[in-house]
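Notes for the one structure printed next.
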Amino acid sequence: MSAHVPPSVRIRQVALCTDDIWREERKLVADLGIAAVHRDPPNVFEMRNAVFAVGDTFLEVLQPDTDTAPSARFLERREGPGGYMLILQVDDLDAARRRIDELGIRVVYELGPERIHGVEAAAIHLHPADTGGAIMSFDRMAPPDEWAWAGRGWRRHVHRDVVDGIVGVELSSADPDALADRFGRLVGQPVGDDRIIQLDGGRVTIVGGDVGEPDRLTAVEVRATDATQVGAT
């Protein structure tokens, strides 16, 4: 009898939506000492963006280009900037799809596998009303240590003086136990104490939110390499 091997699920990219991308880019560079490594050309999502390398994980800032863009509707519903998307890298996208279907979660966009920037990439974007907290995507890369959404040259622009990786995400909900249970089942991982779901090299923490408020992606946790910055917000 072979032991059960839990699925590999890793936080690889987090996207923040803003009404002023230049303001947020300047702040990220000043506070975290990281560099933008890629910008997407005009695309179906009607947005402009910048992808920053945080070690071998990524922080994206995006701004809607049109009033009809999904990100524009997000800003209107949330009455301002906030956490927009959580991208989880998996080694078995078929198993992730089975969990998605078992939970009855709607798929809003599907890609690949397709060759992008020299990487074979595939992705499944999920409806945020079904997942809670943020738009979620399960992505698979080949080779797995590359990242198609960061372009070809991102490794040459990694700066680790202040931080070197995204290691956690916080989601808030008026019904945190329900969100934690659904998220745990979606990623195939148990929910631990204080509603913490451990992933490969990181974690997702579910906290209580205000009654009547929508679920939100409320915080991103990064690992500090500068000891003077440990604990900073």
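The values are calculated or read from the model by the stated rules, or taken from the named source; none is laboratory data. Note that the coordinates shown come from a computational prediction; the quantities given were computed from them, not determined experimentally. With ideal geometry, Cβ positions are generated from the backbone for all residues, glycine too; neighbour counts draw on all protein chains shown. Please note that ligands, DNA and RNA were not included when accessible areas were found on the heavy atoms of the full protein model with its side chains. Shrake-Rupley method; radii C 1.70, N 1.55, O 1.52, S 1.80 Å.
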Accessible surface of segment 43-193, 1.4 Å probe, proportion on carbon and sulfur as whole %: 46 percent
Listed candidates (i) 49; (ii) 56; (iii) 40 - label of the one calculated as percent of Cα pairs over 25 Å apart: (iii)
For segment 134-142, Karplus couplings with θ = phi - 60° (6.51, -1.76, 1.60), whole Hz, Gly/Pro x: 5, 4, 10, 9, 9, 10, 10, 10, 9
Zone of Ser8's modelled label, taken as backbone nitrogen in segment 85-121 under 17 Å from a point 7 Å along Cα→Cβ: 88-97, 119-121
Gained length - Asp226 relative to Ala35, 0.36 nm times residue gap less alpha-carbon distance: 67.1 nm
Residues of segment 130-233: accessible area per residue with a 1.4 Å probe, Å²: 50 Å²
Percent of Cα-Cα distances greater than 20 Å, calculated over segment 82-175: 46 percent
Descending semi-axes in whole angstrom, ellipsoid equivalent of segment 156-207, from the Cα gyration tensor: 27, 12, 9
3J(HN,Hα) from dihedral phi, segment 81-95, Karplus parametrisation 6.51/-1.76/1.60, rounded to Hz, x for glycine, proline: x, x, x, 10, 8, 10, 9, 10, 8, 10, 8, 10, 6, 5, 5
Average Cα contact separation per residue, segment 64-157, under 8 Å, 6 or more apart, as relative contact order %: 26 percent
